[in-house]
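> Questions regarding the structure given below will be posed in turn.
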Amino acid sequence: MKLLLDENIPFSFKRDLKKAGYDVEHVIDKNQGKKDEDIFNYAVKNKKTIISYDSDYLKFRIREHYGIIKLNGKLKNPMEVLIELLNKIKTMEYKNVLYQIDLKKVICEKKVYSKRKHIFKQYVKTFFILDCM
């Protein structure tokens, strides 16, 4: 799982995620000041999951992507929550999945396609709670 941290994510998250064994890049490294669309396209091209506090990335969920994780800015322990989520989903399919980390739950929104023609059919939402919440 390759991760791309948005500009609004503290740079210290990169260090902590690397310590936890993740392949992580921060937007500040190569894409600082670029538009969300450019950052999204960079993430898709490089098969990276975007992590952001910014809800602007939610509009890109309709397009093909390698995962979007939207953190709630009011989380008391965002790093702990993020690492627990990443450990939970790293063996799951996260392509075209949006995870919204709320204060009390994680909302998982996955695209579902028709079996015959691989045409987008609907979004399926599931919810789960992490131990650290």
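> Hey, got the dipole for segment 2-128? About the Cα centre, +1 on K and R Cβ, -1 on D and E Cβ, debye to the nearest 20?
660 debye
> Report the net charge of residues surrounding Phe128, where surrounding means a beta-carbon distance below 10 angstrom and charges are Lys +1, Arg +1, Asp -1, Glu -1.
After counting each charged neighbour, the total is +2.
> Another question about this same structure. With each label point set 7 Å from Cα along the Cα-Cβ vector, what nm distance links Ile107 and Lys76?
Taking the two extended label points, one gets 2.3 nm.
> Also: How big is segment 62-133 by the Kirkwood estimate over distinct Cα pairs, in Å?
In segment 62-133 this quantity evaluates to 13.0 Å.
> Using the Cβ atoms and a cut-off under 14 Å, what net charge is assigned to the surroundings of Lys76, where Lys and Arg are +1 and Asp and Glu are -1?
Spelling it out: positives minus negatives among the neighbours equals -1.
> For segment 31-91 and segment 119-133, what is the centre-to-centre distance using only Cα atoms, to the nearest Å?
Measuring centre to centre over Cα atoms gives 15 Å.
> Then there is this: Antiparallel versus total DSSP beta bridges in the chain: what percent is that, nearest 5?
Counting only bridges with both partners in the chain, antiparallel ones make up about 45 percent.
> Also, quick follow-up: Could you work out the Rg to Rh ratio of the chain, with Rh taken as the Kirkwood radius (inverse of the mean 1/r over all Cα pairs)?
Details: Rg = 14.4 Å, Rh = 15.1 Å.
Result for the chain is an Rg/Rh of 0.95.
> What is the set of long-range amide H partners of Lys2 at a cut-off below 5 Å, with H atoms built 1.01 Å from backbone N?
Residues meeting the amide H criterion: Thr49.
Here, each number is a calculation from the coordinates, and none is a lab measurement. None of these values were measured; they are calculated from a predicted model. All Cβ positions, glycine included, derive from the backbone under ideal geometry; neighbour counts span all protein chains shown.
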